Amino acid sequence: MTSKLEQLKQFTTVVCDTGDLEAISRLRPVDATTNPSLLLKASAIEHYGDILRNALDLSKGDLGLACDQFSVAVGCGILKVIPGRISTEVDARLSFDEDALWAKANQLIDLYDHAGVGRDRVLIKLASTWEGIRTAERLEKAGIQTNLTLLFSFAQAQACADAGVFLISPFVGRIYDWYRKSTGLDYTGVDDPGVQSVTRIYNYYKANGIDTVVMGASFRTLSQIEQLAGCDRLTISPELLQKLDEDQGTLDRKLVLGAAGEARQSINEAQFRWASNEDAMATEKLAEGIRQFARDQEKLEKVLAAL
């Protein structure tokens, strides 16, 4: 009997949600993704000390640029041990400024290019704000593919499909967290609101021939992962990947092509903002996620400033 991790890899591309090279090398995902919180954790690993100092030297004291240099250096290291792509996130503090997002995304691509890494191995991560989605649309047309993160609502998924983004990362665990706190109930299996959200988006995309890749993210339990087996991609923490690798049980595919999905309907800015206003969970979790990434970006800048 093969492990559940190996079974999952038969119908879902497995992505490792970490900046820890050792964990990535051990668990052998196809792709990897980082964010400011994961980079902050990576900065405390002894292996990254010289990389941090080098990033600061290259930036000539510009802490924002030093964070970008560090992020790209971590990404380059990860790309040496995975066959696929690295997702690298734009500064969350720019999430509502389309021009600033555009400039920062291009700067990250330039840094990768300078390091000898082509854009075909990089996804630029942007928060799924209206401005982030519009920036992604511009980047995709320029040949830079994107990963739209902090996605909590169907409206965000609709807008991303309209924009032609390469990949979306709907968050499972954080949706679960919100409903569990709001209702006082626990949710398991197909009753999990996070699982239901990703399933709805997956079926909508597939039923309408939308090419955007659906990559479930932010998992709390093995059950959530198992209920989304068959999703295009799943980005999973090393801890949960290890548990899947140790579990010799049977894993069945849950999401399949051909399932019923809603008819495609485009969404404009007014409709997007109204739908967001009406969805307390999505509004609160998006704002919270941006704030948390911004705080961790600031903490990473302080780490660099103290060198």
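The values are calculated or read from the model by the stated rules, or taken from the named source; none is laboratory data. Predicted model only: the values in this text are computed from it and were never measured. All Cβ positions, glycine included, derive from the backbone under ideal geometry; neighbour counts span all protein chains shown. The protein model used for the area step is the full one, side chains on, heavy atoms only, and it has no ligands, DNA or RNA in it. Shrake-Rupley method; radii C 1.70, N 1.55, O 1.52, S 1.80 Å.
Miscellaneous remarks
- Output for segment 45-58, where each listed residue is in contact (Cβ under 8 Å) with a residue 60 or more places away in the chain and either open to solvent by less than 90 Å² (accessible area, probe 1.4 Å) or outside any helix (DSSP H, G or I) (or both): LEU52, ALA55, LEU56
- Qualifying residue in segment 74-93 (condition: assigned to a helix (DSSP H, G or I), touching a helix residue (DSSP H, G or I) at 6+ places or on another chain (Cβ under 9 Å) and under 30 Å from ALA155 (Cα atoms)): yes
- Any hit, segment 196-217, residues being in contact with a Phe, Trp or Tyr (Cβ under 6 Å, 6 or more places away or on another chain), closer than 30 Å to LYS41 by Cα and touching a residue at least 60 places away in the same chain (Cβ under 8 Å): yes
- The sole residue among VAL214, VAL198, VAL172 that is within 21 Å of GLN10 (Cβ to Cβ) and in contact with a Cys (Cβ under 6 Å, 6 or more places away or on another chain) is VAL214.
- For first residues located in segment 19-44 and within 20 Å of ARG233 (Cα to Cα), partners that are among the charged types (D, E, K, R) and surrounded by 19 or more Cβ atoms within 10 Å (Cβ to Cβ) and lie 6+ apart or on another chain with Cβ distances below 6 Å form the pairs ASP31/ARG85; THR33/ASP17; ASN35/GLU89.
- Per the listing TYR176, TYR205, the residue uniquely modelled with pLDDT of 95 or more and more than 21 Å from GLN271 (Cα to Cα) is TYR176.
- Any hit, segment 222-229, residues being in contact with a Ser or Thr (Cβ under 8 Å, 6 or more places away or on another chain), open to solvent by less than 30 Å² (accessible area, probe 1.4 Å), closer than 23 Å to GLY289 by Cα and touching a residue at least 24 places away in the same chain (Cβ under 8 Å): yes
- Meets criteria (of a type in the set (D, E, K, R), crowded, with 16+ Cβ neighbours inside 10 Å and without any contact (Cβ under 8 Å) to a residue 40 or more places away in the chain) for LYS9: yes
- Residue check, THR34 open to solvent by less than 20 Å² (accessible area, probe 1.4 Å), closer than 26 Å to GLY164 by Cα, modelled with pLDDT under 95 and under 18 Å from the mean Cα position of the chain (by Cα): yes
- Number of the exception - GLN265 against (1) surrounded by 15 or more Cβ atoms within 10 Å (Cβ to Cβ); (2) under 20 Å from LEU167 (Cα atoms): (1)
- Of the residues in segment 271-290, at least one is closer than 19 Å to SER169 by Cα, crowded, with 19+ Cβ neighbours inside 10 Å, within 16 Å of the chain's Cα centre (by Cα) and of a type outside the set (A, V, I, L, M, F, W, C).
- Output for segment 59-79, where each listed residue is surrounded by fewer than 23 Cβ atoms within 10 Å (Cβ to Cβ) and either among the acidic types (Asp, Glu) or within 17 Å of VAL14 (Cα to Cα) (or both): ASP62, ASP68, LEU79
- Residue that is nearest to VAL190 (Cα to Cα) [pool: residues in segment 246-258 that are touching a Lys or Arg at 6+ places or on another chain (Cβ under 7 Å) and open to solvent by 40 Å² or more (accessible area, probe 1.4 Å)]: LEU257
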